[in-house]
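To start, the structure under review is shown below, and the notes come after it.
The values are calculated or read from the model by the stated rules, or taken from the named source; none is laboratory data. Quick caveat, the model's predicted, so the values are computed rather than measured. For neighbour counting, all protein chains shown are included, and Cβ atoms are generated from backbone atoms with ideal geometry for every residue, glycine included.
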């Protein structure tokens, strides 16, 4: 479809593209109409802008439907935007969507933390959850995926649970995360380095960095709180 639009020079050719666009932006219609007035060499750039606007528009419409559903079910108060952090969190989420096109993993993570903030009544707890939301926005999709699988290790493998007496080395932990996630160990290592810096997982131990603290599969208290939020707890 996009290739067809790139080749389009007549208004009737643009109409097919209009049909697949569901958007909340007034400027989007202007962009589509304006495409017919452009030189062919400029059409590719405009199509990219239209496509991005359409994706962002659908993301916002989806978010609105989910918020409405949660309000109707009583999980989010109807006046959540009147709270200090409820308003800020919604504003930040909309800016995040508008400034980039997040992939599904990151978008879902951002929404999960937003819903946590919006559903919290006490301001001090809302403030703490808002900081978790801001922290999650600094992650990328690889880090979020690896973090979720570390959480699975913590819940499913006895050697990462309280009371286990054995020793688990870094390479063993790396292999375990790689196996459960299906990711190459190199990707797990790249993601885990950033998660360490953000204090979401514990640092490696021993002078050669060959050891870890296996409790909770290396998740810190902060990491567990984020993972609980990502899993709707």
- Query: Just checking, how many residues over segment 144-172 are in contact (Cβ under 8 Å) with a residue 60 or more places away in the chain and either surrounded by 18 or more Cβ atoms within 10 Å (Cβ to Cβ) or assigned to a helix (DSSP H, G or I) (or both)?
  - Reply: 7
- Which of the residues belonging to segment 120-136 are at pLDDT 95 or above, touching a helix residue (DSSP H, G or I) at 6+ places or on another chain (Cβ under 9 Å) and surrounded by fewer than 16 Cβ atoms within 10 Å (Cβ to Cβ)? 134
- What are the residues in segment 80-104 that are at pLDDT 85 or above and in a loop (DSSP other than H, G, I, E, B), if any? 83
- Query: If residue 110 satisfies every condition in (1) part of a helix (DSSP H, G or I); (2) at pLDDT 90 or above; (3) farther than 20 Å from residue 56 by Cβ but one, which is the exception?
  - Reply: (3)
- Item | Counted residues, segment 181-215 - those being touching a residue at least 12 places away in the same chain (Cβ under 8 Å) and either within 23 Å of residue 137 (Cα to Cα) or surrounded by fewer than 15 Cβ atoms within 10 Å (Cβ to Cβ) (or both) | 17
